[in-house]
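Pasting in a structure now, in structure tokens, and then I'll have a few things to ask.
The values are calculated or read from the model by the stated rules, or taken from the named source; none is laboratory data. Only a predicted model underlies this, so the values are computations on that prediction, with no experimental measurement involved. Cβ placement follows ideal geometry from the backbone for every residue including glycine, while neighbour counts extend to all protein chains displayed. The area values use the complete protein model at the heavy-atom level, side chains included, leaving out ligands, DNA and RNA. Shrake-Rupley method; radii C 1.70, N 1.55, O 1.52, S 1.80 Å.
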Amino acid sequence: MRGRRAGIVSAATIRAARATDQQALAALWATAFTPPLSPDQWLVDDERLAHTRVAEDDEGLCGSIYGLPKRLRESDGGIAAVHAIGSVAVAERARGQGLARRLVAATLQAAGDADWALLFTGTPEVYRSSGFETFSMARTVAGPWRAATPAAVGTEGRVVRESVGLGSLRPVREVYERSRSDLVLAPVRGDRDWAMAEVRLRGATLYRRIEGSTVVGYAVAEPRGGVGVLLESAVLPGADGARDDLLAAIAVDWASAGVTSCELAVPALPEEDRALRAFAPEAVRQDDRTGMIRPLRRAARLHGIRHFTAGDYF
């Protein structure tokens, strides 16, 4: 133990995760993160062991990092292959030894043909020495909220509610993809991405705006105490009225739940801002600086309106 406190980095070895590590990883994430990180989203990934690097010392697992391949939109209209890094955890006994930096180096070595790497963090100083740089995006609108009057007139039968669960987002996939075509950072979601989004959004209310048998817009939202949180939303191009109907339905539920403030994850697009001025006139745009990028094969092309939703974090 004295050697570890003195900073003997070589006490921990880094390797690919094995099936036998899963219980130890869950235990590590339960103690290393606040609130504890559930392994549910990680378990959705059939290739999770290949995507995970772990650190091990003489007491067992003491660190982890997860590198997930994603396809993200860029400002030139192209799609980048991105190494998305998450679940960076170091046990308390192994901190202060540079282990997080070694884990980052290990996952970058496994990044394959990724164009660049992406992570989100509240501690950017940990990653700057590994070549990561912070970027900003206007991801949310937040502030006081109160229900306008009258709410949701005429939306009954057109806005359908259900709780997000396994398979519930399948009917909204086309709406999502078509609405994201001009948004930088927005993922091109494959089956794994959609399954992970359903895990992350599980239990929130899915609002679907229907015309005939077609979904023209949707939103995922929930009240958390007195805070109303809009986690994700999208409407088909030209269906701006659907956005208003969805917000009106959400307003009814939030008013019943006693919501007094809001956090709305919406891209900084003119049509979104117009709708939000009526829905939450006192809320203001927030600058999110938790994102960091690092070139691998080339630099990221992130000029333009950037957006990343709660369902896509990793």
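Where the centroid of each part is defined by its Cα atoms, how far is the range 22-87 from the range 225-242 in Å?
29 Å
Where does the charge balance sit around Glu198 when Lys and Arg score +1, Asp and Glu -1, over other residues with C-beta under 14 Å from its C-beta?
-1
Computed from the coordinates I sent, P(r) over Cα pairs in 10 Å bins from 0, in percent equals one of (i) 6, 25, 31, 22, 12, 3, 1; (ii) 6, 27, 36, 26, 6, 0; (iii) 5, 21, 22, 16, 13, 11, 7, 4, 1, 0. Tell me the label.
Working out P(r) over Cα pairs in 10 Å bins from 0, in percent from the coordinates points to (i).
When you count, for each residue, the other Cβ atoms within 10 Å and take the mean per peptide, how do 60-72, 283-295 rank with the highest first?
Peptide ranking by packing, descending: 60-72, 283-295.
Taking the 0 to 90 degree range and rounding to the nearest ten, how far is the long axis of helix 240-257 tilted relative to the main principal axis of the chain, both from C-alpha atoms?
Taking Cα atoms only, the helix is inclined about 80 degrees.
Also: Among His83, His303, His51, which one shows the highest mean-square fluctuation when the chain is modelled as a Gaussian network with alpha-carbon springs under 10 Å?
In the Gaussian network model the winner is His303.
How tilted is helix 99-109 with respect to the longest principal axis of the chain? Cα atoms for both, answer in degrees (0 to 90, nearest 10).
So the helix axis and the longest Cα principal axis differ by about 80 degrees.
If you don't mind, there's one more thing I want to ask. Please calculate how many Å² of accessible area the range 61-168 carries per residue, with a 1.4 Å probe and no DNA, RNA or ligand atoms counted.
Per residue, the range 61-168 has 43 Å² of solvent-accessible surface.
Round to a whole angstrom and tell me the spacing of the C-alpha centers of the range 253-297 and the range 172-218.
First find each Cα centre; the distance between them is then 17 Å.
Another question, if that's okay. Which GluC sites (Glu not before Pro) in the range 225-314 pass both tests, a DSSP loop state and at most 13 other beta-carbon atoms within 10 Å?
In loop regions of the range 225-314 (DSSP not H, G, I, E or B), the sparsely surrounded GluC sites (Glu not before Pro) are Glu282.
Sorting Ser75, Ser163 by accessible area (1.4 Å probe), largest first, what list results?
Ser163, Ser75
Shifting gears a bit: Which order do Glu177, Glu59 take when ranked by solvent-accessible area (1.4 Å probe, heavy atoms of all protein chains), largest first?
Result of the area sort, largest leading: Glu59, Glu177.
Right, something else. Using the Karplus curve 6.51 cos²θ - 1.76 cosθ + 1.60 with θ = phi - 60°, what ³J(HN,Hα) values do you get for each residue of the range 135-145, in whole Hz, with x for Gly and Pro?
10, 10, 8, 7, 7, 10, 10, 9, x, x, 9
Quick one: net charge of Ala26's neighbours, Cβ under 15 Å, K/R +1, D/E -1?
-1
Quick one: compute the contact order of the chain, relative version, from alpha carbon pairs under 8 angstrom and 6+ residues apart, as a percent.
Once normalised by length, the contact order is 23 percent.
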